[in-house]
Amino acid sequence: MIRRIGVFTAGRNDFGIYLPVLRALRDAAEFEPVVVATGTHMDPRFGETVRDMHAAGFSPDYCVPMVPATDCAVDVARAMGQGVSEFAAVFQQANLDLLLVLGDRFEMFAAATAAVPFCLPLAHLHGGEVTEGAVDEQFRHAISKLSHLHFVSTKRYRERLLQMGEESWRVVVSGAPALDLLNDFSPWSLEQLEVSLRMKLDCPPLLVTFHPVTLREDEQVDELLRALGGFMDRPMVITWPNSDVGFSKITERLEAFVASCPNAGLFPSLGVERYFSLMSYAAAMIGNSSSGIIEAASFGLPVVNVGDRQKGRVRGANVLDVPCRDVDIVRTIRTAVSPSFKASLRGMVNPYGTGGASAEILRVLMDAGKRADLSSKRFVDVWEER
């Protein structure tokens, strides 16, 4: 019997991670992937990335509107409530056997919540991680407790989920699925990038992504932009922040900075291949994105990780952590782009794996479908033998 596996995607930040898993599900005779798209995928402000899904060969089976009216807290909370209602309608119709959710977004939490009354098993990717500087931390752990299977990216994250009372057989170290895309990846040529970006890349650029630090109200982006102002002789490719509370203020400041910097470009979405191509060519990555922690190590790309948003995550030797103060950021960027630091990263191993996650996820999903106890969770107390 073919099992219908729902794959819930809320935007550019998760679709590239899902892509190798989606391909594996599509190619397996035992499974039928059912794509549920929401969030910024349908939002023109963020590049209407549903088009990237079509280009990758995956048309959404269900499109659910869930875009907050503004980026203030009350509208995000209201959108979550709307999402729970809309996702319930999807789950009533879709006849899913299992739902894949990923990470820590508020949209993911709404979908996971809606699945509970349907007794729909959840498989959670990238659980057990820690990001102390963002409210995503709370969403991630809550989704983990709602989930029945866990595909984690490192052994440390597996231990954390066991500490949270999850049964050992439910928690699998798969590695990071996005790294599967690198096994046969060929970067775009420099000429292709320049045409696509409409920018001259006469030297390796800085790749900049800065998301809202949702547990703090201070204007950290201003510190970052003051620091970047000292590197205007170098091209900068800057991406929009995620649609978290406070993203519009960051976007406004980024737009003003780019308007004053002829070597900089601001992009709502770069797409997977263009983004990875830039990572292979960039001098350094600057900001607070999880891609600087997870994917950048596979390119040996120096990363200046600014502030506390990613605090607590496992990181490789390519990541230089720095407080969000302009003078410290300037000093650390200079270290990151130095030939000696780049040379020190030769041969480094990515702590999040070297590919193969989607095959492991597929294997576990096949076995889990045979278990009668998949939907009946038991809390393992700390005093029990594991």
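Observations, loosely collected:
- Count of residues meeting criterion [open to solvent by less than 10 Å² (accessible area, probe 1.4 Å) and touching a Gly at 6+ places or on another chain (Cβ under 9 Å)] in the range 21-30: 1
- Among the criteria (1) in contact with a Lys or Arg (Cβ under 6 Å, 6 or more places away or on another chain); (2) open to solvent by 60 Å² or more (accessible area, probe 1.4 Å), the one residue 67 does not fulfil is (1).
- With respect to being in contact (Cβ under 8 Å) with a residue 12 or more places away in the chain, in contact with a Leu (Cβ under 8 Å, 6 or more places away or on another chain), under 18 Å from residue 129 (Cβ atoms) and among the aliphatic types (A, V, I, L, M), residue 314 falls outside the description.
- In the set 35, 76, only one residue is of a type in the set (Val, Ile, Thr) and not in a strand (DSSP E or B); that residue is 76.
- Figure legend. Inter-residue proximity from the range 279-291: first residues over 15 Å from residue 182 (Cβ atoms) and buried (at least 24 other Cβ atoms within 10 Å of the Cβ), second residues of a type in the set (A, V, I, L, M, F, W, C) and modelled with pLDDT under 95, beta-carbon distance below 7 Å, spacing 6+ or different chains. Indicated pairs: 287/210; 288/210.
- Qualifying positions in the range 59-90 - within 17 Å of residue 143 (Cα to Cα), among the hydrophobic types (A, V, I, L, M, F, W, C) and touching a residue at least 24 places away in the same chain (Cβ under 8 Å): 80, 84, 87, 88
- One residue stands out among those in the range 251-268 that are in a helix (DSSP H, G or I) and of a type outside the set (Val, Ile, Thr): the one that is most open to solvent (accessible area, probe 1.4 Å), which is 252.
- Residue identified as in contact (Cβ under 8 Å) with a residue 60 or more places away in the chain and touching a strand residue (DSSP E or B) at 6+ places or on another chain (Cβ under 6 Å) among 123, 176: 123
- The one condition in (1) open to solvent by less than 90 Å² (accessible area, probe 1.4 Å); (2) at negative phi; (3) within 23 Å of the chain's Cα centre (by Cα); (4) not hydroxyl-bearing (Ser, Thr, Tyr) that residue 381 fails to fulfil: (3)
- Within the range 298-325, the set of residues being buried (at least 24 other Cβ atoms within 10 Å of the Cβ), touching a Pro at 6+ places or on another chain (Cβ under 9 Å) and under 30 Å from residue 186 (Cα atoms) comprises 306, 318.
- Neighbours by Cβ (under 9 Å, 6+ apart or cross-chain): first from the range 33-55, open to solvent by 30 Å² or more (accessible area, probe 1.4 Å); second assigned to a strand (DSSP E or B) and modelled with pLDDT of 80 or more: 42/63
- Only listed residue being polar (S, T, N, Q) and not in a loop (DSSP other than H, G, I, E, B), chosen from 376, 340: 340
The values are calculated or read from the model by the stated rules, or taken from the named source; none is laboratory data. For clarity, every value in this text was computed on a predicted model and none was experimentally measured. No Cβ is skipped: glycine too gets one built from the backbone with ideal geometry, and neighbour counts run over all protein chains shown. Only protein heavy atoms, including side chains, enter the accessible area calculation; ligands, DNA and RNA are left aside. Shrake-Rupley method; radii C 1.70, N 1.55, O 1.52, S 1.80 Å.
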